[in-house]
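Student: Just passing along the structure, written as structure tokens.
The values are calculated or read from the model by the stated rules, or taken from the named source; none is laboratory data. As the structure is a computational prediction, the values presented were derived from the model and not from experiment. Here the Cβ is made from the backbone with ideal geometry for all residues, glycine too, and neighbour counts use every protein chain on show. Only protein heavy atoms, including side chains, enter the accessible area calculation; ligands, DNA and RNA are left aside. Shrake-Rupley method; radii C 1.70, N 1.55, O 1.52, S 1.80 Å.
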Amino acid sequence: MQIERIVSNHLDSNVFVVTKDSIAIIVDAGAEVDKIKPFLRDKKVEGIFLTHGHYDHAMFALQYAKEFGCKIFASANIMKTLANPEINCSDGTFEIEDFSSFSFIKGNQELTLGKITVTAFETKGHSECSMCFLVDGNLFTGDTLFRQGMGRTDLIGGNAEDLYNSLAKIDSIAFEKLYCGHGDSSFKGEQLLNIKACRRYLKALSLRTEHPLT
Ligand SMILES: [Zn+2]
């Protein structure tokens, strides 16, 4: 399996092209189709997976689906985000209303496309539609978890308690390498400390509120 990272011009979000033999999947869609194509060579794209619906991760998803003739896989919660420029943070420049290219997936659902098996995990917190995808020990976390730190929770649909719980879920996943929505990749060993620090921070903040996290 080969994983290649393409950094977009839209908030430097990452797009990942995952290939195995003659098959490819794409994680996130924040870079123009022409930027992705050279990484696909002669592979057949079997699916596009969206970690969440913020514009810098999803804005070219329909173009990818059309160009490569495949489905877009995401949480059903993504519809609300994609259909509303305020929620997808695009400042009025991007929205999707036609979801006929989408196939909605649930947490813990396993999907096999050619020789690539993807397990989806629901990881709300940064957004209501956030998902992580596990492929052969590689975990794609979008904006839920970064190499250092975690995603923000102050945008519409963000929720600190959900992120606190989602980070615990990620901690329990048997992954080896982490691929984030922005910035460099990481390893489980490094993440054991990062996740602990992020959860401690979220809990400390909550202690100042009427509903402390437990
Ligand atoms: Zn985001």
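Student: Scan region 1-53 for residues that are under 19 Å from LEU134 (Cβ atoms), among the hydroxyl-bearing types (Ser, Thr, Tyr) and surrounded by fewer than 24 Cβ atoms within 10 Å (Cβ to Cβ) and jot them down.
Tutor: Across region 1-53, the qualifying residue is only THR19.
Student: Could you tell me which residue of region 179-214 is most open to solvent (accessible area, probe 1.4 Å), considering only residues that are assigned to a helix (DSSP H, G or I) and charged (D, E, K, R)?
Tutor: Per the criteria, the residue is ARG200.
Student: Among the residues of region 54-78, count how many are open to solvent by 40 Å² or more (accessible area, probe 1.4 Å), within 16 Å of the ligand (Cβ to nearest atom) and outside any loop (DSSP other than H, G, I, E, B).
Tutor: 1
Student: Looking at region 87-96 only, could you name the residues that are open to solvent by 30 Å² or more (accessible area, probe 1.4 Å) and at pLDDT 95 or above?
Tutor: Within region 87-96, CYS89, GLU95 meet the criteria.
Student: Further, regarding this structure: Taking interchain pairs and intrachain pairs at least six residues apart, which have beta carbon atoms under 6 angstrom, with the first residue in region 99-125 and farther than 20 Å from VAL45 by Cβ and the second among the charged types (D, E, K, R)?
Tutor: Once the first residue is farther than 20 Å from VAL45 by Cβ and sits in region 99-125, its partners that are among the charged types (D, E, K, R) give GLY107/GLU122; LYS124/ASP162; GLY125/ASP162.
Student: Taking the residues in region 160-178 that are open to solvent by 60 Å² or more (accessible area, probe 1.4 Å) and in a loop (DSSP other than H, G, I, E, B) as candidates, determine which candidate is farthest from ILE3 (Cα to Cα).
Tutor: So the residue we want is ALA174.
Student: When you scan region 137-159, how many residues do you find that are crowded, with 22+ Cβ neighbours inside 10 Å and either within 16 Å of the ligand (Cβ to nearest atom) or basic (Lys, Arg) (or both)?
Tutor: Going through region 137-159 one residue at a time, the tally reaches 9.
Student: When only residues in region 85-136 that are of a type in the set (D, E, K, R) and not in a loop (DSSP other than H, G, I, E, B) count, which is farthest from the ligand (Cβ to nearest atom)? Give the steps one after another, and end with the answer.
Tutor: Step one: filter region 85-136 for residues of a type in the set (D, E, K, R), giving 86, 91, 95, 97-98, 106, 110, 115, 122, 124, 128, 136.
Retained after the next criterion (residues that are not in a loop (DSSP other than H, G, I, E, B)): 110, 122.
Details: GLU110: 25, GLU122: 16 Å.
Among residues in region 85-136 that are of a type in the set (D, E, K, R) and not in a loop (DSSP other than H, G, I, E, B), the one farthest from the ligand (Cβ to nearest atom) is GLU110.
Student: Do the conditions hold for ILE116, that is, is it over 12 Å from the mean Cα position of the chain (by Cα), hydrophobic (A, V, I, L, M, F, W, C) and over 24 Å from LYS71 (Cβ atoms)?
Tutor: No: the conditions fail for ILE116.
Student: Can I ask one more? Of the residues in region 1-47, how many are part of a strand (DSSP E or B) and either more than 13 Å from GLU67 (Cα to Cα) or without any contact (Cβ under 8 Å) to a residue 24 or more places away in the chain (or both)?
Tutor: 18
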